Amino acid sequence: MPATGHTLALTELPAQLLRLLPNGFIGEELRAGRTLLEDRTQTGAVVVTLPERLPITESRELAQGLAKSGVGLCAYVVNKMPATDFSKEEREVLDAWLAHSPPLFGRGDYVRPLVSAPVVLPLVDDARVLVCCGAGGVGKTSTATALALLAARRGRRVLALTVDPSKRLAQTLGVEPNRREPTAVSRERLQAAGITAGTLDAWMLDPAKVAEDAVKRVAKDEAAQQRLFQNRLYKEVSRMVAGMQEYTAMEALFGFLEAGRYDLVVLDTPPARNALDFLEEPTRLASLLEGRVFQLFLPPTAETGFFERKAAELLLSVLSAAFGAENARDLQEFFSLFLPVFKDFGLHASKARALLSSASTGFLLVTSPADEAVADALYFQQRTVDLKLPFRGFLLNRSEADAAGRRLPTLGEADSQVPALARAFAKFLPLAAAEQTRHARDAALLATLAAKAAAGSGSDGPTAFARALPTLVTGASELEGLAVLADALSIA
């Protein structure tokens, strides 16, 4: 399944569609699907998490959301648990020894990379939009948030905007999720992150709010607005996260950029291979609405010709059989009332698309060393080339690539006269060797990504880059961890 937000959206979809289309054979199929999801003997969820505060919190929310949707929980699986268990005494003596040791593999602390010239910082200073793409579980939201923190440190007015229905960004920044407007991060939290001059707002995309604003802007007549707001299909469709994000993301982005309220918008996209669909769907929809076939879905008017009228009547009878007569009429009314709004979405999407294709935008592909994540990042890079988007670089997150100056510890370095330290050191040595192996792997991967980035750079733009970001002990789940990640980005 996808990450938390999209999993909840998908499991809620049958119930939402059933309210939308309760009659006809489609309603019967939806009821059958919902019954299957709620049958504990046939369906159960296994929630996979990490041994970190934020993933565990998100997993609990996922389990609660699944229960609300009627899906039973079979088990939690905690991934990437440490294989070696140190006792409290062993941990204390080993930490005390490591505090005075030279740089060693196995310590797990952040090593600043040796970079001749930072490449991320100029992008943060000059861009109007930064779009972060990547697979689930690579730290994409944390990286996007750290980029926003860094830009705010530099004195810019920044909006961290997520299209992902997960609540992770809001939780990380300490703002309330599901608000109808961007929320300012508190001054106390900004100061804790080293931000004194700039500002930082955060917002989870609210499709219903974006659609409502568009209706009020396009339908000047208040009576027409209320007819649409009271339309049963509009009420359900505007609340459906799954499916509405692509059509409202570009509208929201256009609105923020047009208003000039922010110097920089950092966009956190969903963790899926179709994350870039929000760039194309509104304009595709606008083209569809202009087609003659779609006109058959609209109620006939005085200008409708004889053959078109008969075709529309035939289509209405087919829709009535599939959805029920009342639903078919509601569908016709919905298309008729919402048509101008969809066309407006398409117009604004075209303007926003032009900006996202310009030099003032940067697409950053976040990955981890995992094979699946790298494959997704390379896929995203090819998509940016196909769509003629300004690809700026790879960010290899949660890596050990920057470990210059470290060495393996030797058994004789620890005081064997202290039994607890001797036991701890025997457990520590294999961990250090494993970290050295990961460093070699990640350094080679970083070189490969750098070559891919350079090869994929356009001839008329700057050379794309590949930079490594650290594996943080805190998992970047607290503001302190994000501040460290922002530090790393400032010199990457």
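If you scan the range 176-202, which residues turn out to be over 20 Å from residue 485 (Cα atoms) and of a type in the set (S, T, N, Q)? If the condition is that a residue be over 20 Å from residue 485 (Cα atoms) and of a type in the set (S, T, N, Q), then 178, 183 are the ones that fit.
Would a scan of the range 446-460 turn up a residue that is outside any helix (DSSP H, G or I), polar (S, T, N, Q) and either on the phi < 0 side of the Ramachandran plot or not assigned by TED's automatic domain parsing to the domain that holds residue 382 (or both)? Yes, there is a match, as at least one residue in the range 446-460 is outside any helix (DSSP H, G or I), polar (S, T, N, Q) and either on the phi < 0 side of the Ramachandran plot or not assigned by TED's automatic domain parsing to the domain that holds residue 382 (or both).
Yes/no matrix, rows are residues, columns are (1) surrounded by 23 or more Cβ atoms within 10 Å (Cβ to Cβ); (2) assigned to a loop (DSSP other than H, G, I, E, B); (3) at pLDDT below 95; (4) of a type outside the set (Val, Ile, Thr):
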residue	(1), (2), (3), (4)
122	no, no, yes, yes
136	no, yes, yes, yes
141	yes, no, yes, no
146	yes, no, yes, yes
151	yes, no, no, yes
160	yes, no, yes, yes
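For residue 377, the criteria (1) part of a helix (DSSP H, G or I); (2) over 27 Å from residue 256 (Cβ atoms); (3) of a type outside the set (Val, Ile, Thr); (4) touching a strand residue (DSSP E or B) at 6+ places or on another chain (Cβ under 6 Å) hold in every case but one, which is (2). Residues in the range 386-418 that are touching a His at 6+ places or on another chain (Cβ under 6 Å) and among the small types (Gly, Ala, Ser): 403 alone. Residues in the range 176-192 that are small (Gly, Ala, Ser) and more than 22 Å from the chain's Cα centre (by Cα) were compared, and the one that is farthest from residue 265 (Cα to Cα) is 192. The single condition among (1) part of a loop (DSSP other than H, G, I, E, B); (2) surrounded by 12 or more Cβ atoms within 10 Å (Cβ to Cβ) that residue 421 does not meet is (1). In this entry, residue 389 passes the filter for residues that are in contact with a strand residue (DSSP E or B) (Cβ under 7 Å, 6 or more places away or on another chain), within 25 Å of residue 142 (Cα to Cα), assigned by TED's automatic domain parsing to the domain that holds residue 485 and in a loop (DSSP other than H, G, I, E, B). Residue pairs whose Cβ atoms lie under 7 Å apart, separated by 6 or more positions or on different chains, with the first residue in the range 182-198 and outside the structural domain of residue 145 (by TED's automatic domain parsing) and the second in a strand (DSSP E or B) and buried (at least 18 other Cβ atoms within 10 Å of the Cβ), do not occur. For residue 87, the requirement of being at pLDDT below 85 and of a type outside the set (Val, Ile, Thr) is not met.
The values are calculated or read from the model by the stated rules, or taken from the named source; none is laboratory data. No experiment lies behind these values; they were computed from the predicted model shown. Here Cβ is always computed from backbone atoms with ideal geometry, including for glycine, and neighbour counts include all displayed protein chains.
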